[in-house]
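Engineer: For reference, the structure I am asking about is given below.
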Amino acid sequence: MTGNIPDEAQVLEWLDSLSNWGRWGPDDQLGCLNLIGPTQRQQAVALVTDGLPVSCARPITTEMASDVTFQVQRYMVDSGEGRDTDPPERRYTRRGAAEFIGMVFHGQTITHIDAMSHYSWNGLMYNGVPANRITSREGAQSHNIEAAYQGIISRGVLLDLPAVKGVDWLDPTQPVMPQDLDDAEQAQNVHVQEGDILLIRTGNYRMRLERGPLSPSDPMTACQAACAPWFKERGIAMLGTDTSNDARPNPYATIGNPLHTICLVSLGLWFIDNANLEELAPACAQRNRHEFMLTLAPLRLRNVTGSPVNPIALF
């Protein structure tokens, strides 16, 4: 960690001073995704030279673990069991296998996108839309994931913080600060710019794989709220990390998950939570470049606050 943790008054002030409310009109549903236009997409496509795809998603599993808040459910509607002994008339009707999958993708384990309807502050979502536009019956009637149904394509930039510091993963008790991002840019000879999808590797996922799942009460490194002005200044369109995007423990008494609150509600900055960057990091290191084309295709879910996603980096 480099730099001082801002006090609560400063964090609360950023909710106002960093606001993008009204920047793209009163009915805006895209927030910072407005910063990705044809130029940014064309520049991203020009980065593809090898044709190598790299997934940035974690596997979705039904296994139990200490950090799984809601268990993923799989129910087989039909399977291949008994196909070899079924009578002919039964084989005719049992020609396929299918399952039901149920999940709460928000949390600490599934790679997913947070739409802006995922968070509110003082009863308001991004752009001042009342949080009561999200109802039990109708779901998120504003700022939902369907706003991104055309897909998200832009230049992706990976800041590999453990590699810069020469460690396998960051100290879980120390949050990521803006100076850490500056240092990574300099070390990797890359500059984050407007319209980029910024991916930040902390090594948290690697630590989970090697040491075992974390408990929700365990310390976890992530970007501190102090990074929010940095994100606003650089004009990133989306933030993704290998964490759930808020450090634990939270040092503030009156604002829970401060980075989520500032970014989703005030900036309109979409999140990728729980990315898997363990395959992307060596691909970048081998090429000595940390920029690539990144594509995300969220499910076109009606009135939903996010989506499971498989981000694909293409070199």
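The values are calculated or read from the model by the stated rules, or taken from the named source; none is laboratory data. Source: prediction; values computed, not measured. Counting neighbours? That spans all protein chains shown, and the Cβs are built from the backbone with ideal geometry, glycine included.
Engineer: Could you list all residues from segment 235-254 that are aliphatic (A, V, I, L, M) and either free of Cβ contacts under 8 Å to residues at least 24 places away in the same chain or buried (at least 19 other Cβ atoms within 10 Å of the Cβ) (or both)?
Structural biologist: Once the filter is applied, which keeps residues that are aliphatic (A, V, I, L, M) and either free of Cβ contacts under 8 Å to residues at least 24 places away in the same chain or buried (at least 19 other Cβ atoms within 10 Å of the Cβ) (or both), segment 235-254 yields Ile236, Ala237, Met238, Leu239, Ala247.
Engineer: While we're looking at this one, here's another question. Check Thr69 against each of (1) within 30 Å of Leu209 (Cβ to Cβ); (2) surrounded by fewer than 11 Cβ atoms within 10 Å (Cβ to Cβ); (3) free of Cβ contacts under 8 Å to residues at least 60 places away in the same chain and name the one condition it does not meet.
Structural biologist: (3)
Engineer: Restricting the search to segment 273-301, which residues are closer than 14 Å to Leu199 by Cβ and assigned to a loop (DSSP other than H, G, I, E, B)?
Structural biologist: Hits for segment 273-301 are Asn274, Ala275, Asn276, Leu277, Glu278, Glu279, Arg289, His290.
Engineer: Need pairs with beta-carbon distance below 7 Å; first residue touching a residue at least 24 places away in the same chain (Cβ under 8 Å) and within segment 83-105, second among the basic types (Lys, Arg); sequence gap 6+ or separate chains.
Structural biologist: Glu99/Arg74; Ile101/Arg74
Engineer: Going residue by residue through segment 203-217, is there one that turns out to be in contact with a helix residue (DSSP H, G or I) (Cβ under 8 Å, 6 or more places away or on another chain), modelled with pLDDT of 95 or more and either buried (at least 21 other Cβ atoms within 10 Å of the Cβ) or not in a helix (DSSP H, G or I) (or both)?
Structural biologist: The answer is yes, given that some residue of segment 203-217 is in contact with a helix residue (DSSP H, G or I) (Cβ under 8 Å, 6 or more places away or on another chain), modelled with pLDDT of 95 or more and either buried (at least 21 other Cβ atoms within 10 Å of the Cβ) or not in a helix (DSSP H, G or I) (or both).
Engineer: Based on what the data block shows, is Thr39 β-branched (Val, Ile, Thr), loosely packed, with under 13 Cβ neighbours inside 10 Å and within 30 Å of Asp171 (Cβ to Cβ)?
Structural biologist: For Thr39, the condition - β-branched (Val, Ile, Thr), loosely packed, with under 13 Cβ neighbours inside 10 Å and within 30 Å of Asp171 (Cβ to Cβ) - is not met.
Engineer: Looking only at segment 278-292, decide whether some residue is under 16 Å from the mean Cα position of the chain (by Cα), more than 19 Å from Glu185 (Cβ to Cβ) and of a type outside the set (Ser, Thr, Tyr).
Structural biologist: First, the residues of segment 278-292 that are under 16 Å from the mean Cα position of the chain (by Cα): 278, 280.
Checking the rest, the ones that are also more than 19 Å from Glu185 (Cβ to Cβ) come to 278.
Still in the running and of a type outside the set (Ser, Thr, Tyr): 278.
Yes; the residues of segment 278-292 include at least one that is under 16 Å from the mean Cα position of the chain (by Cα), more than 19 Å from Glu185 (Cβ to Cβ) and of a type outside the set (Ser, Thr, Tyr).
Engineer: Looking only at segment 219-242, decide whether some residue is under 19 Å from Leu158 (Cβ atoms) and among the hydroxyl-bearing types (Ser, Thr, Tyr).
Structural biologist: Initially, segment 219-242 is screened for residues under 19 Å from Leu158 (Cβ atoms), giving 221-223, 227, 230-231, 234-242.
With among the hydroxyl-bearing types (Ser, Thr, Tyr) added as a condition, the list becomes 221, 241.
Within segment 219-242, one or more residues are under 19 Å from Leu158 (Cβ atoms) and among the hydroxyl-bearing types (Ser, Thr, Tyr).
Engineer: When you check Thr61 against the structure, is it of a type in the set (Ser, Thr, Tyr) and either at positive phi or part of a helix (DSSP H, G or I) (or both), yes or no?
Structural biologist: no
Engineer: Which ones in segment 136-147 are among the hydrophobic types (A, V, I, L, M, F, W, C) and surrounded by fewer than 23 Cβ atoms within 10 Å (Cβ to Cβ)?
Structural biologist: Ala147 - this is the single residue of segment 136-147 that is among the hydrophobic types (A, V, I, L, M, F, W, C) and surrounded by fewer than 23 Cβ atoms within 10 Å (Cβ to Cβ).
Engineer: Is there any pair with a first residue in segment 257-272 that is touching a residue at least 40 places away in the same chain (Cβ under 8 Å) and a second that is assigned to a helix (DSSP H, G or I) and β-branched (Val, Ile, Thr) whose Cβ atoms are under 6 Å apart and which are 6 or more apart or on different chains, and what are they?
Structural biologist: Note: pairs meeting the criteria are Pro258/Val11.
Engineer: Within segment 177-189, does at least one residue satisfy the condition of being buried (at least 18 other Cβ atoms within 10 Å of the Cβ) and within 21 Å of Arg58 (Cβ to Cβ)? Working first, answer last.
Structural biologist: So the first thing to find is which residues in segment 177-189 are buried (at least 18 other Cβ atoms within 10 Å of the Cβ), and the list is 177-178, 180-181, 184, 188.
If we keep only those that are within 21 Å of Arg58 (Cβ to Cβ) too, we end up with none.
No, segment 177-189 contains no residue that is buried (at least 18 other Cβ atoms within 10 Å of the Cβ) and within 21 Å of Arg58 (Cβ to Cβ).
Engineer: Restricting attention to segment 277-292, which residues are buried (at least 21 other Cβ atoms within 10 Å of the Cβ) and in contact with a helix residue (DSSP H, G or I) (Cβ under 6 Å, 6 or more places away or on another chain)?
Structural biologist: Residue satisfying the conditions is His290 alone.
Engineer: Here is a further query. Output the number of the condition that Val304 fails; it satisfies all remaining conditions of (1) in contact with a strand residue (DSSP E or B) (Cβ under 9 Å, 6 or more places away or on another chain); (2) hydrophobic (A, V, I, L, M, F, W, C); (3) assigned to a helix (DSSP H, G or I); (4) surrounded by fewer than 21 Cβ atoms within 10 Å (Cβ to Cβ).
Structural biologist: The failed condition is (3).
Engineer: Something else: Answer yes or no: is there a residue in segment 123-139 that is touching a residue at least 40 places away in the same chain (Cβ under 8 Å), among the charged types (D, E, K, R), closer than 30 Å to Leu33 by Cβ and in contact with a Lys or Arg (Cβ under 9 Å, 6 or more places away or on another chain).
Structural biologist: Checked segment 123-139: no residue is touching a residue at least 40 places away in the same chain (Cβ under 8 Å), among the charged types (D, E, K, R), closer than 30 Å to Leu33 by Cβ and in contact with a Lys or Arg (Cβ under 9 Å, 6 or more places away or on another chain).
Engineer: Give me the residue from segment 15-53 that is hydrophobic (A, V, I, L, M, F, W, C), in contact with a Ser or Thr (Cβ under 7 Å, 6 or more places away or on another chain) and assigned to a helix (DSSP H, G or I) and, out of that set, farthest from Pro162 (Cα to Cα). Working first, answer last.
Structural biologist: Step one: filter segment 15-53 for residues hydrophobic (A, V, I, L, M, F, W, C), giving 15, 18, 21, 24, 30, 32-33, 35-36, 44-48, 52.
Next, only the ones that are in contact with a Ser or Thr (Cβ under 7 Å, 6 or more places away or on another chain) stay: 15, 18, 36, 44.
Retained after the next criterion (residues that are assigned to a helix (DSSP H, G or I)): 15, 44.
Working: Leu15: 30, Ala44: 25 Å.
Within segment 15-53, the match that is farthest from Pro162 (Cα to Cα) is Leu15.
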